[in-house]
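Participant: Dropping a structure here in structure tokens format, bear with me for questions.
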Amino acid sequence: MPATSVDTKGITVSREKDFSEWFTQLIQKAELIEYSPVSGCYILRPNAYHIWEKVQQYFDGLIKKDGVKNAYFPLFIPESLLSKEEAHVQGFAPEVAWVEKGGHTALGERLAVRPTSETIICDTYAKWIRSYKDLPLRLNQWCNVVRWEFKHCTPFLRSREFLWQEGHTAFATKKEAEDEMYRILDFYEKVFVDLYAVPVMKGRKSEGEKFAGAEITTSVEAFLSNGKAIQGATSHHLGQNFAKAFGIQFKDQNQKDQYAYQNSWGISTRSIGVMILMHSDDKGLVLPPKVALTQVVIVPILFDDSKDKVLKEVAILAAKLEKKGVAVHLDNRVEYSPGWKFNEWEMKGIPIRIEIGPKDLEKKQAMVVRRDTGVKLAVPLGSLEKEIPALLEKIQQEMYLKASKLLQEGVVKVATTKDAEKQLALGKLVFAPWCGSIKCEEQFKEKTGAKSLNAPFDQPKMKGESCFYCSEKATSWFYFGKSY
């Protein structure tokens, strides 16, 4: 077993001591991200892009079954279109990247590089929608967007270009639109729970935090072990704001002109960052099996006198597992020691490692190691074909349960600002009665660095509570926390 001279260092800082540096090292050493020459724009390597493909496949299946169709709209949006909905353009103006020249020729009108597509899609919908028979119109596109962030860019979490899907739908009635908004939010919850093994807080955003130009913004929010929350996805009801700005009208069944009710909704590659931050540890990435490019790695322990026998056995095992639908990689490289390989695959987050050497063959067993817990089990060779798929399911479920416990223990009910400050300092999220005032929200954020997250749809019954910040009458219970 020749040793390697390659640097085998893993992550050099702990998650607890330097969260930012830990994350930066992890995404590079786990081969998820490469930095590009353009600041804030990142290269998604196959290990990361595969995760996004899994999200695409899963979510695309949900929305198509629900009646949504995919389309594609241009990357460039004329300034005149972007300016049509006042609140919308004001909300995005600081983040818009502009094209002013084509080659050496100045353009007659500046073109925005798509920060979101409401305006160009609404301009198109105004041409397509004429009658109630044209509704509902429900389209989605998978694309990239550019938001020229001037804050600290961080791969997955805050970047200038990212991938997402954006759904844009139009309905004849407000009820149809609102029903869809909530239904899509349920789909986002399923993505986080079923694929990422991440529990979420589902609810309505505050007036101050809602999407620019929307009537209602709903979101799913996750809670991380560093005491911070992170928004996972959003579903917006736009009301008739864009319809009135763009003239999206239709003749109803009484031949009267009506404005359409619209929604928009999206999830992005930021969700990959949520998953990474939720599950990973000081050894590197920890992947839920359902999104892992490689679910099982087999590492043969090779010696000259037994090499052929071991390699033959592991090849048979790999073929059997592949037939069961398991994504297997057989690491039969001879230039690296088993210990180096173990560290590499732990860094990359592979859910299960199977070790087989000559002594294992004598005992007719393999050593099976779980990445999430580090537990090592001796499993009979004849049972692996059945046990490994079952173990992958178990890992997926137990990762979710662990994250659910973190969320449950991380939320604390408070009644006053003093209580809220105390709990935030302990790395908790607070659940507080609030009057809904934007002034209260802004002052609390300035004072503590924490902002409103969302209000759960299933609200505790109000019993005359006062706002935790200003002591005026509270109107709803809201989650507040420090957030990405």
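No lab work stands behind these numbers, since they all come straight from the coordinates. Here the structure is a predicted model, which means the values were calculated and not measured. Every residue, glycine among them, receives a Cβ derived from its backbone with ideal geometry; neighbour counts consider all protein chains shown.
Participant: Which residue, chosen from 443, 259, 406, occupies the Cα position most advanced towards the positive end of the dipole of the chain, where the dipole is computed from +1 (Lys, Arg) and -1 (Asp, Glu) charges on Cβ about the Cα centre?
Facilitator: Farthest towards the positive end: 406.
Participant: Where does the chain land at 222 nm, in deg cm²/dmol rounded to the nearest 500, when only DSSP H runs of n ≥ 4 count, each adding -39500 (n - 2.57), divided by all residues?
Facilitator: -10500 deg cm²/dmol
Participant: Also: For the range 445-484, run through the trypsin sites (Lys or Arg not before Pro) and keep only the ones in DSSP coil with at most 14 other Cβ atoms within 10 Å of their Cβ.
Facilitator: Answer by residue number: 461, 463.
Participant: Can you give me the Rg/Rh ratio for the range 199-354, using Cα atoms for both radii and the Kirkwood formula for Rh?
Facilitator: Over the Cα atoms of the range 199-354, Rg/Rh equals 1.27.
Participant: Apply the Kirkwood formula to the range 100-151: the hydrodynamic radius equals the inverse of the mean of 1/r over all pairs of different alpha-carbon atoms; give it in Å with one decimal.
Facilitator: 14.1 Å
Participant: Rounded if a/c is under 1.5, else prolate if a/b is larger than b/c, else oblate: which is the range 160-208, with a ≥ b ≥ c the root eigenvalues of its Cα gyration tensor?
Facilitator: Here the range 160-208 falls in the prolate category.
Participant: Please give the per residue volume of the convex hull enclosing the alpha carbon atoms of the chain, rounded to a whole number of Å³.
Facilitator: On the way: hull volume 85.5 nm³, N = 484.
Given the Cα convex hull of the chain, per-residue volume reads 177 Å³.
Participant: Within the range 273-378, list the GluC sites (Glu not before Pro) lying in a DSSP loop whose Cβ has at most 11 other Cβ atoms in a 10 Å radius.
Facilitator: Sites meeting the loop and neighbour criteria: 335.
Participant: Rounding to the nearest 20 debye, state how big the charge dipole of the chain is about its Cα centre with +1 on each Lys and Arg Cβ and -1 on each Asp and Glu Cβ.
Facilitator: Here the size comes out at about 640 debye.
Participant: What's the angle, to the nearest 10 degrees (0 to 90), between helix 19-29's Cα axis and the longest principal axis of the chain?
Facilitator: Helix 19-29 sits roughly 60 degrees off the main axis of the chain.
Participant: Could you state the angle between the C-alpha long axis of helix 338-347 and the longest principal axis of the C-alpha atoms of the chain, as a value from 0 to 90 degrees rounded to the nearest 10?
Facilitator: It is inclined by approximately 10 degrees.
Participant: In Å³ and rounded to a whole number, note down the convex hull volume per residue for the Cα atoms of the range 12-126.
Facilitator: 194 Å³
Participant: Using alpha carbons only, how many angstrom separate the centre of the range 291-366 from the centre of the range 119-177?
Facilitator: Comparing the Cα centres of the range 291-366 and the range 119-177, I get a distance of 45 Å.
Participant: Right, something else. Using the Cα atoms of the range 75-115, I'd like the radius of gyration and the largest Cα-Cα distance, Dmax, both in angstrom.
Facilitator: My reading of the Cα-based Rg and Dmax gives 10.5, 33 Å.
Participant: Label-point separation (nm) for residue 58 and residue 101, each offset 7 Å from Cα along Cα-to-Cβ?
Facilitator: A separation of 4.6 nm, rounded to one decimal place.
Participant: On to the next question. Which of the chymotrypsin sites (Phe, Trp or Tyr not before Pro) found in the range 442-475 are loop residues per DSSP with 13 or fewer other Cβ atoms within 10 Å of their Cβ?
Facilitator: Within the range 442-475, the qualifying chymotrypsin sites (Phe, Trp or Tyr not before Pro) (loop, at most 13 other Cβ atoms within 10 Å) are 457.
Participant: Quick one: dipole size for the range 252-300, taken about the Cα centre, charges +1 on Lys/Arg Cβ and -1 on Asp/Glu Cβ, in debye to the nearest 20.
Facilitator: 120 debye
Participant: Would you mind telling me the antiparallel percentage of the DSSP bridges in the chain, rounded to 5?
Facilitator: The answer is about 85 percent antiparallel.
Participant: Kindly give the semi-axes, whole Å and largest first, of the ellipsoid equivalent to the range 186-285, taking each as the square root of 5 times a Cα gyration tensor eigenvalue.
Facilitator: 37, 13, 10
Participant: Among 397, 379, 275, pick out the residue whose Cα is farthest towards the positive end of the charge dipole of the range 251-407, where Lys and Arg carry +1 and Asp and Glu carry -1 on C-beta, about the Cα centre.
Facilitator: Among 397, 379, 275, the one farthest towards the positive end of the dipole of the range 251-407 is 397.
Participant: Can you pull the Kirkwood radius for the range 371-440, inverse mean 1/r over Cα pairs, to one decimal in Å?
Facilitator: Numbers: mean 1/r = 0.0630 Å⁻¹.
It works out to 15.9 Å.
Participant: Work out the charge dipole of the range 275-361 with +1 on the Cβ of Lys and Arg and -1 on the Cβ of Asp and Glu about the Cα centre, then indicate which of 285, 350, 326 is farthest towards its positive end.
Facilitator: 326
Participant: Which angle from 0 to 90°, rounded to the nearest 10, does the C-alpha axis of helix 384-410 make with the longest principal axis of the chain?
Facilitator: 50 degrees
Participant: To the nearest 0.05, how large is the calculated FRET efficiency for residue 426 and residue 186 if R₀ is 30 Å and r is the Cβ-Cβ distance?
Facilitator: Details: r = 32 Å, r/R0 = 1.06.
Computed FRET efficiency for residue 426 and residue 186: 0.40.
Participant: So, one more: If you scale each eigenvalue of the Cα gyration tensor by 5 and take the root, what three semi-axes come out for the range 291-356, rounded to whole angstrom and sorted largest first?
Facilitator: Values for the range 291-356, descending: 20, 16, 7 Å.
Participant: State, to one decimal in nm², a quarter of the convex hull surface area for the C-alpha atoms of the range 11-78, i.e. the direction-averaged projected area.
Facilitator: 7.8 nm²
Participant: Using the Cα centre as the reference, give the magnitude of the dipole from point charges on the C-beta atoms of the range 1-148 (Lys, Arg: +1; Asp, Glu: -1; all else neutral), rounded to the nearest 20 debye.
Facilitator: That gives a dipole near 500 debye.
Participant: At 0.36 nm per residue, minus the direct Cα-Cα distance, what do residue 66 and residue 174 gain on full extension? Give it in nm, one decimal, please.
Facilitator: 37.1 nm is the gain from fully extending residue 66 to residue 174.
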